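Everything on this sheet refers to the single structure shown next.
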Amino acid sequence: MRTRKITVIGGGNGGRAFAAYLASRGHEVVLFNRTLSHVKHIAETLLITSEGEIAGTYPLKAVTDDYRAAIADACLILVVLPASAHAEVAKKIAPFLQDGQVILLNPGRTWGAIEVKNIITKARPELDVYVGETETLLFTCREIEDTGVKIFKIKDDNPFCFFPEHDNRYVDYLINELFPTMNVADDIKITSLTNIGAIIHPTAVVLNAGSIARQQKFLFYKEGLTPEVVNIIEKVDQERCKIAEKLDMRPETFLEWAKKVYGGEFTTYYDAFQNIEPYRDIGSPSTLFSRYITEDVPTGLVPFASMGRYFGIPTPFIDSIILMASSLVGTDFMKTGRTNENVALPIEILEGGRISIRLGRAFPGPESSLVRILSLIQADLQNGWILVSGRPRRVDMIKRGIFASTYAAPTRSILHEYIYFKEKEKREVEIITVKKGEVLREVLGLKTLEKRLFGIVLDEATDGGDFRVQPLLSYGEFKSDVSMHIKKLRGELQEITRDVTSTRS
C-alpha cells in the first residue's frame, strides 16, 4: 500500500484510534487537536500507543493545533469530532483547503456531509473538494490518558457516502484501500438516517439523569439500559424508521444494525444491549454535558423531529427526549440543531429523491437523460479530452494514477464521471473523460498522445500485469470523427440501459 499523508482532526477516542490504525500501516499521520495538553505525551514524543485489536506504539508525523499546518498537502482529512463541531471546523479549514482534497466525517451523524459541503461551498465556491460521511465511527474505543487509545473493536461493516452521491466514484477507491471494512453507500440518506447513536444515547442519559448528575458511576449499557429504558429507545427507533420509510428507504432497525455490525444473533433490543461484547465495560458519562446530549440531540434527534414535522409524522417520543435534554443543559436544541432549514436540506431528498442517480440502480429511462450524457461527452471530446471506458476496477487504475501524479483526488477540472455500472455476474462498465495532458500521458505510460486519439479501452492484461490500453484512433475530418465516436457510444449506452446502471445527471 502506498504511503499517504493523512490528517486526523480530533484527539479524542476516535481520532486517536484512526491515528494509531493508519500509523500502524505506515502512513504519515498528522494529528490535530485544539488543546495540545489533552495529548501532551503524544505531542512531545510523536508516538501513539494502542491496545486491543491494534497493539503497539507507532510514530506520527506531527501533532499540532494549527489548522493550516495540519491540512497542508494532506490527501485525506478525517474529521473525528462530535458532529456538533462540524460546522465550526468547516469554517476554520475552508481557507486552507486545496483542490482534490478529500474530507470524511467520522461519523457524519444526520446530514453532516451536506452541512459541511454547503459551508465550504459558500466560503469558497470555486474550490473542488470532496466531502463525505460514515454511518458510524469505525472503532469502538476509549482513550488512555494522554498516551494513546484502546481499540475494543474494528467494526465489520461501516457504510460511507459522499455528497452529492456521484462524488463517490472520484474517491471510493482511496477509502476502500485505507479502510477495507468501509463500504460505499449509494445514497446519502443511508449514512444519515442510520444514526444509531442518536437513538440510544440521549434517551439513556435523560432517563439516567439523576445518577449522572450525582456522578454515580455505572455501566452505561449493562446497568443504565434497563428493560424500561430500552422500551423507550425502541419507541424512538420506531419513529426514526417511519421517517425513513417516508423518504423512500427500507429502514434498518437498531436490532438489524447490531447484528450486521457486531455479528451477534440478538432476539430483542434488551438482549442486544446486554450481549454486545464491546458495550459490556463502557462506563457512564461523568456529566450531563456529554456528547451523548450535546452531539446526539442537535445532530440526530433534531433532524428526525424536523423531518417528522415536514411530513406530518408524529414523533412524540423523539420530541420529549429533545425537550428534556434541552431543559437539562439549558439549550434550545430545536433552534440550534440540524433542522431542515438550518442545514439547507435539498428538497429532492425530502421528496424521496437524491441529488444524483443511485449507483448501480436503474437508468432514469427517458431518452433525454441519454442525450444529456452524450452531449456532455461530445463537448469534452471537442475540447480535446479523452474518453476512457472499461471495467470499473480497471478505470479505477486511471484514477489511482492521477492520484499518484497529483497527490490529490482527480478534480472535475481533469476528470468527468459519466457512467458507472457494476452488477454481480452481469456486464460491468465505467465511462469517464479525462483531460489530455502530461498527467494522462504519465498515467498511461505513453510517450505521446495522438491529436486524434478520442478514446481508450482498458482491458485485462493477458500476462497478468496491470492493464492493457487499446487506443481508438480516428482519421479524417475532426468533427465527423467525434460524431462517429458519439454514434458508436450511443449504441453501447442504449444496450447498457436495458440492464441496471447509473449516471451523472
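The values are calculated or read from the model by the stated rules, or taken from the named source; none is laboratory data. Note that the structure is predicted; figures quoted are calculated from it, not measured. Backbone-built Cβ (ideal geometry, glycine too); neighbour counts: all protein chains shown.
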Filtering the stretch 339-372 down to residues that are touching a Ser or Thr at 6+ places or on another chain (Cβ under 6 Å) and modelled with pLDDT of 75 or more yields Thr339, Asn340
* Within the stretch 48-58, identify whether any single residue is surrounded by fewer than 23 Cβ atoms within 10 Å (Cβ to Cβ), free of Cβ contacts under 8 Å to residues at least 12 places away in the same chain and assigned to a loop (DSSP other than H, G, I, E, B), and answer yes or no. => yes
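Modelled with pLDDT of 80 or more and among the β-branched types (Val, Ile, Thr): which single residue out of Val434, Val469 fits that description?
One residue alone meets the criteria, Val434.
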Filter the stretch 109-155 for residues that are touching a strand residue (DSSP E or B) at 6+ places or on another chain (Cβ under 6 Å) and small (Gly, Ala, Ser); the one that is surrounded by the fewest Cβ atoms within 10 Å (Cβ to Cβ) is Gly148
If I filter the stretch 194-203 for residues that are farther than 30 Å from Phe163 by Cα, assigned by TED's automatic domain parsing to the domain that holds Ala305 and crowded, with 24+ Cβ neighbours inside 10 Å, do I get at least one hit?
no
The residue that is farthest from Thr194 (Cα to Cα), considering only those in the stretch 105-126 that are free of Cβ contacts under 8 Å to residues at least 24 places away in the same chain and part of a loop (DSSP other than H, G, I, E, B), is Glu126
Flag if Gly26 is on the phi > 0 side of the Ramachandran plot and in contact with a helix residue (DSSP H, G or I) (Cβ under 8 Å, 6 or more places away or on another chain): no
Exactly one of Gly132, Gly112 is under 19 Å from Ala185 (Cα atoms) and touching a His at 6+ places or on another chain (Cβ under 8 Å), and that one is Gly112
- Would you confirm whether any residue within the stretch 68-87 is of a type in the set (D, E, K, R) and farther than 25 Å from Asp332 by Cα? yes
